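Enquirer: Structure provided below as structure tokens; questions to follow.
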Amino acid sequence: MKYVQTTCPYCGTGCSFNLVVDEGKVAGIAPYQRSPVNEGKLCPKGTFAHEFINSPDRLTKPLIKKAGMFVEASWDEALTLIAEKFKSYKPDECACLASARTSNEDNYAMMKFARGVFKTRHIDHCARLCHASTVAGLAAIFGSGAMTNSIGDIAEAKCVFIIGSNTFENHPLIGRRIMEAKANGAKIIYADPRLTPTGKQADLHLQFYSGTDVCLLNGMMQEIITKGWEDKEFIKNRVTGFEDLKKEVMKPDYNLDKVSKITGVPANSIKIAAEWFAKSGASAILYSMGITQHTVGVDNVKSCGFIQMLTGNLGRPGTGVNALRGQNNVQGACDMGALPVVFTAYQKVIDPAAHKKFADAWKFKDGIAKGENGYEVTTLMDVLTEKKGEIKCLYVMGENPMVSDPDLTHVEHALKSLEFMVVQDIFMNETSALADVVLPAACYAEKDGTQTSTERRVQMWRKSQNPPGEAKGDWEIIASIAARMGYAENFPWKTSEDVFNEMAALTPSYAGMTYQRLNKPEALHWPCPTKEHPGTPILHKEKFGTPDGKGIMSGIPFKYQKERPDNDYPFLLTTGRCIWQWHTGTMTRRSASLEREEPTGWIEINPEDAKALGVNNGEMVKVISRRGEIKITARITDTIKKGVMFIPFHFIECAANMLTINALDPIAKIPESKACAVKVEKIVEA
Ligand SMILES: Nc1nc2c(c(=O)[nH]1)N[C@H]1C(S)=C(S)[C@@H](COP(=O)(O)OP(=O)(O)OC[C@H]3O[C@@H](n4cnc5c(=O)[nH]c(N)nc54)[C@H](O)[C@@H]3O)O[C@H]1N2
Ligand SMILES: Nc1nc2c(c(=O)[nH]1)N[C@H]1C(S)=C(S)[C@@H](COP(=O)(O)OP(=O)(O)OC[C@H]3O[C@@H](n4cnc5c(=O)[nH]c(N)nc54)[C@H](O)[C@@H]3O)O[C@H]1N2
Ligand code: SF4
Ligand SMILES: [Mo]
């Protein structure tokens with residue numbers, strides 16, 4: 001038996017553990033005590049992260065669809081077909097979906113393939129559904145779109161304000177730092193329409209209607225300014241635009257009574273929250289999908305930044321805007337440029353100097369994609385249905401939009417309109433079922449690589465067993481397709497380290513990193529620009545990343561979500577997760593210890609709403625939106641606000657995304673997964 005230390009493949013916390021390998025096969029998980037992130041502790045998903053690895057369902061051979069049925073094929077046959085098809089398309093006729101589940105090396109390879117081989121501007125990934133608002137919003141006000149502080153330093157906060165994050169279920173080992181702060185006397189404020197396990201540990205719960213975050217935050221800022229609790233020094237020295245902010249938030253629209261009416265939170269609670277937050281000495285904001293997944297996602301994110309600038313809670317331990325990134329490597333996939341507007345490290349594709357830098361370094365004989373922005377995945381689905389023929393081919397690595405994207409009927413139309421689709425995954429899923437070719441990929445335990453956690457910590461995956469059957473690492477598959485298409489010399493890598501080194505040389509924030517430097521328990525936080533640089537756990541200590549070094553405030557008027565409840569669809573539906581399941585369930589539903597805890601979905605209904613509907617706990621109900629309907633079990637609970645309902649989106653048999661709306665934030669193009677209107681009907685047995 002041997003122990004191989006590696007990084008958890010689930011959430012962006014970035015915990016480490018040992019994979020226990022017995023006779024060449026992963027057999028279990030053992031703690032790795034020296035990780036500064038989790039100090040040997042794990043949540044249930046980490047504890048059971050070995051269970052899906054050797055599932056009999058793993059893809060082991062390429063599959064080609066023939067007469068509507070998948071047939072096993074050799075790599076040679078699959079690559080020949082793919083290369084011939086891919087070569088038949090013109091620049092910008094293909095699109096790529098990269099993956100926050102795979103390594104930095106895999107994503108860099110996909111980005112290079114998209115821009116260099118397909119010569120397409122269209123590459124994106126699930127960050128679009130997740131923290132696109134963070135990337136856009138924080139970059140606009142701070143000059144950098146990442147979590148400002150490190151996880152460990154949350155324990156030093158004197159007040160933790162959690163808004164739109166169910167931290168204990170979705171980032172449990174960050175939740176542990178909140179409990180440390182609480183044990184040290186910090187006040188915990190929790191803003192969420194539901195009283196989740198996280199909320200139950202809070203000192204104050206602001207139970208508000210989904211979609212009213214800006215109103216709540218403007219109200220708190222008005223109270224802070226009225227009482228004179230703002231940090232005048234910080235505002236004077238480090239911020240511009242304070243007068244604009246003040247003009248907006250001091251409007252009578254945001255007085256306590258008005259805000260209370262719109263948000264549904266008692267005025268006195270808002271008052272207490274403002275006081276605790278402004279006067280603690282070190283207040284940290286933690287947020288996640290409750291903030292970002294809205295048509296006003298960018299506004300929400302900026303408002304979180306503004307309240308921190310207003311109170312001087314930036315650049316010190318125990319403070320900051322802590323945007324909790326979701327997937328294990330969503331930070332890294334963004335850093336690698338798996339986005340339609342940037343190369344690595346957010347070097348803009350429309351910047352001629354950056355375009356030339358990559359074109360020169362990559363040396364594709366026939367050039368790279370033009371220096372214009374491409375389509376986001378959410379826009380892509382509209383283009384596929386509305387501008388037929390513009391995009392003909394899609395190459396998907398490690399994503400399952402047929403369960404995770406909003407409005408699944410629309411997504412299905414979009415994907416079915418493609419001429420050719422290749423899906424590369426570790427399991428068959430609802431998306432690969434629609435593909436023409438499916439390629440078997442190695443999972444995290446079967447390859448070396450790096451992933452970047454929410455706190456910008458770049459950590460290693462280490463190979464512990466061989467992939468099943470003929471499965472191969474993702475970047476190797478990408479490189480072999482490129483080679484078949486005549487681009488072997490542009491993908492010369494022998495090891496993951498070769499890929500990393502090429503990437504680091506083109507990526508200022510990773511430039512000082514090497515596998516050797518990362519190969520230690522604390523690894524390195526970016527930015528790490530030189531080989532001597534120790535890495536950067538806290539951003540914005542003395543100045544922001546904006547051109548003049550100042551944070552940028554502005555006034556943000558409150559706007560409602562796109563689709564509000566009305567007479568026909570009277571309830572507000574919000575969606576999210578539970579601790580036992582992961583997204584579309586491809587891995588957790590194949591992990592017996594996790595699947596048995598929550599084997600199917602449910603809808604949370606407030607007891608008063610249930611009574612009015614005549615629905616009992618455990619009954620099946622029909623939930624209907626303007627886009628679709630599902631049947632699902634009712635869970636009647638007073639933890640959810642009256643008028644609001646919640647469905648976890650993990651379960652295809654009662655898929656929340658049949659109901660959700662593809663309404664987008666105008667800047668981030670993130671869908672409003674957290675608010676749409678539904679009606680609920682009792683199912684009457686015939
Ligand atoms: N177990 C588990 N852990 C995960 C994941 C998983 O699938 N399973 N996914 C990972 C990923 S990719 C991500 S992005 C993170 C997401 O982590 P979270 O953001 O914590 O997850 P969600 O459950 O989507 O939403 C969080 C909370 O937002 C609340 N909410 C709903 N509407 C609103 C609103 O309008 N405003 C506010 N302020 N709150 C609202 C919901 O009630 C919910 O409790 O989790 C990561 N961790
Ligand atoms: N209604 C609603 N919808 C949502 C959300 C919500 O809160 N509400 N949240 C959104 C968010 S935040 C996110 S991040 C998305 C997630 O959406 P997706 O990324 O589509 O969901 P996953 O289930 O994580 O899909 C990842 C795929 O990668 C595969 N995979 C895992 N490891 C590897 C690997 O090493 N190589 C390859 N090639 N494949 C691999 C898995 O088998 C799986 O098929 O969902 C979004 N959808
Ligand atoms: S908190 Fe996240 S990274 Fe840590 S063990 Fe759980 S799923 Fe894995
Ligand atoms: Mo996410």
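The values are calculated or read from the model by the stated rules, or taken from the named source; none is laboratory data. The structure displayed is predicted, hence computed values, not measured ones. With ideal geometry, Cβ positions are generated from the backbone for all residues, glycine too; neighbour counts draw on all protein chains shown.
Enquirer: Within the bounds of region 154-161, is there any residue that is β-branched (Val, Ile, Thr), assigned to a strand (DSSP E or B), farther than 26 Å from LEU664 by Cβ and out of contact with any Asp or Glu (no Cβ under 6 Å at 6 or more places or on another chain)? It would help to see each step written out before you state the result.
Expert: Here is the first cut: in region 154-161, the ones β-branched (Val, Ile, Thr) are 154, 160.
Then keep just the ones that are assigned to a strand (DSSP E or B); that gives 160.
With the extra rule that they be farther than 26 Å from LEU664 by Cβ, the set shrinks to 160.
Adding the requirement that they be out of contact with any Asp or Glu (no Cβ under 6 Å at 6 or more places or on another chain) leaves 160.
Yes, some residue in region 154-161 is β-branched (Val, Ile, Thr), assigned to a strand (DSSP E or B), farther than 26 Å from LEU664 by Cβ and out of contact with any Asp or Glu (no Cβ under 6 Å at 6 or more places or on another chain).
Enquirer: Which one is farthest from the chain's Cα centre (by Cα) among residues in region 620-634 that are more than 20 Å from VAL403 (Cβ to Cβ) and buried (at least 16 other Cβ atoms within 10 Å of the Cβ)?
Expert: For region 620-634, the residue satisfying everything is VAL621.
Enquirer: Moving to a separate point now. For a quick check of your reading of the model, give me the residue pairs whose first member lies in region 80-106 and is more than 21 Å from LEU63 (Cβ to Cβ), whose second is among the β-branched types (Val, Ile, Thr) and within 16 Å of ligand 4 (Cβ to nearest atom), with beta-carbon atoms closer than 8 Å and at least 6 apart or on different chains.
Expert: Final answer for the pair search is ALA100/VAL330; ASN104/THR452.
Enquirer: Can you tell me which residue within region 386-418, out of those that are free of Cβ contacts under 8 Å to residues at least 60 places away in the same chain and outside any helix (DSSP H, G or I), is farthest from VAL71 (Cα to Cα)?
Expert: Only one residue fits best here, namely LYS387.
Enquirer: Which condition breaks for GLU455 when tested against (1) within 10 Å of ligand 2 (Cβ to nearest atom); (2) surrounded by 24 or more Cβ atoms within 10 Å (Cβ to Cβ); (3) part of a loop (DSSP other than H, G, I, E, B)?
Expert: (1)
Enquirer: Hey, another quick one. So for region 217-224 (the condition being more than 26 Å from GLN33 (Cβ to Cβ), surrounded by fewer than 24 Cβ atoms within 10 Å (Cβ to Cβ) and without any contact (Cβ under 8 Å) to a residue 40 or more places away in the chain), does at least one residue qualify?
Expert: no
Enquirer: Within region 40-60, restricting attention to residues that are of a type in the set (Gly, Ala, Ser) and within 17 Å of CYS15 (Cβ to Cβ), which residue is farthest from ligand 2 (Cβ to nearest atom)? Even if it seems obvious, please write down each step before you answer.
Expert: The initial filter retains those residues of region 40-60 that are of a type in the set (Gly, Ala, Ser), namely 40, 46, 49, 55.
From what is left, the residues that are within 17 Å of CYS15 (Cβ to Cβ) are 40, 46, 49.
On the way: GLY40: 24, GLY46: 15, ALA49: 11 Å.
That would be GLY40.
Enquirer: Something else about it: Using the structure shown, decide if GLY371 is in a loop (DSSP other than H, G, I, E, B), surrounded by fewer than 24 Cβ atoms within 10 Å (Cβ to Cβ) and free of Cβ contacts under 8 Å to residues at least 40 places away in the same chain. Outline the logic, then answer.
Expert: Details: in a loop (DSSP other than H, G, I, E, B): yes; surrounded by fewer than 24 Cβ atoms within 10 Å (Cβ to Cβ): yes; free of Cβ contacts under 8 Å to residues at least 40 places away in the same chain: yes.
Criteria met by GLY371.
Enquirer: Kindly list the number of the only condition in (1) crowded, with 21+ Cβ neighbours inside 10 Å; (2) part of a loop (DSSP other than H, G, I, E, B); (3) not β-branched (Val, Ile, Thr) that fails for PHE277.
Expert: Result: PHE277 passes all but (2).
Enquirer: Can you tell me how many residues within region 635-682 are surrounded by fewer than 23 Cβ atoms within 10 Å (Cβ to Cβ), more than 14 Å from ligand 2 (Cβ to nearest atom), part of a strand (DSSP E or B) and in contact (Cβ under 8 Å) with a residue 40 or more places away in the chain?
Expert: 5
Enquirer: Right, another one. So for region 548-561 (the condition being over 22 Å from MET221 (Cβ atoms), part of a loop (DSSP other than H, G, I, E, B) and among the basic types (Lys, Arg)), does at least one residue qualify?
Expert: Residues of region 548-561 that are over 22 Å from MET221 (Cβ atoms), as a first pass: 548-549.
Now narrow it down to the ones that are part of a loop (DSSP other than H, G, I, E, B): 548-549.
Restricting the remaining residues to those that are among the basic types (Lys, Arg) gives none.
No, every residue in region 548-561 fails to be over 22 Å from MET221 (Cβ atoms), part of a loop (DSSP other than H, G, I, E, B) and among the basic types (Lys, Arg).
Enquirer: Another one. Answer yes if at least one residue in region 44-53 is acidic (Asp, Glu) and either within 21 Å of PHE168 (Cβ to Cβ) or surrounded by fewer than 16 Cβ atoms within 10 Å (Cβ to Cβ) (or both), and no otherwise. Steps first, answer last, please.
Expert: Going through region 44-53, the residues acidic (Asp, Glu) turn out to be 51.
Narrowing the set further to residues that are either within 21 Å of PHE168 (Cβ to Cβ) or surrounded by fewer than 16 Cβ atoms within 10 Å (Cβ to Cβ) (or both) leaves none.
Within region 44-53, none of the residues are acidic (Asp, Glu) and either within 21 Å of PHE168 (Cβ to Cβ) or surrounded by fewer than 16 Cβ atoms within 10 Å (Cβ to Cβ) (or both).
Enquirer: Of everything in region 162-185, what is in a helix (DSSP H, G or I), within 16 Å of ligand 1 (Cβ to nearest atom) and in contact (Cβ under 8 Å) with a residue 60 or more places away in the chain? Give them in sequence order.
Expert: Listed by number, the residues that qualify are THR167, PHE168, GLU169, ASN170, PRO172, LEU173, ILE174, ARG176, ILE178.
Per-residue answers, yes or no, for (1) buried (at least 20 other Cβ atoms within 10 Å of the Cβ); (2) in the same structural domain as GLN465 (by TED's automatic domain parsing):
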position: VAL26; (1), (2): yes, no
position: ARG34; (1), (2): no, no
position: ASN38; (1), (2): yes, no
position: VAL71; (1), (2): no, yes
position: LEU79; (1), (2): yes, yes
position: CYS94; (1), (2): yes, yes
position: LEU97; (1), (2): yes, yes
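Enquirer: Kindly establish whether THR7 is surrounded by 24 or more Cβ atoms within 10 Å (Cβ to Cβ), among the β-branched types (Val, Ile, Thr), touching a Phe, Trp or Tyr at 6+ places or on another chain (Cβ under 8 Å) and at pLDDT 95 or above.
Expert: Details: surrounded by 24 or more Cβ atoms within 10 Å (Cβ to Cβ): yes; among the β-branched types (Val, Ile, Thr): yes; touching a Phe, Trp or Tyr at 6+ places or on another chain (Cβ under 8 Å): yes; at pLDDT 95 or above: yes.
Yes, satisfied.
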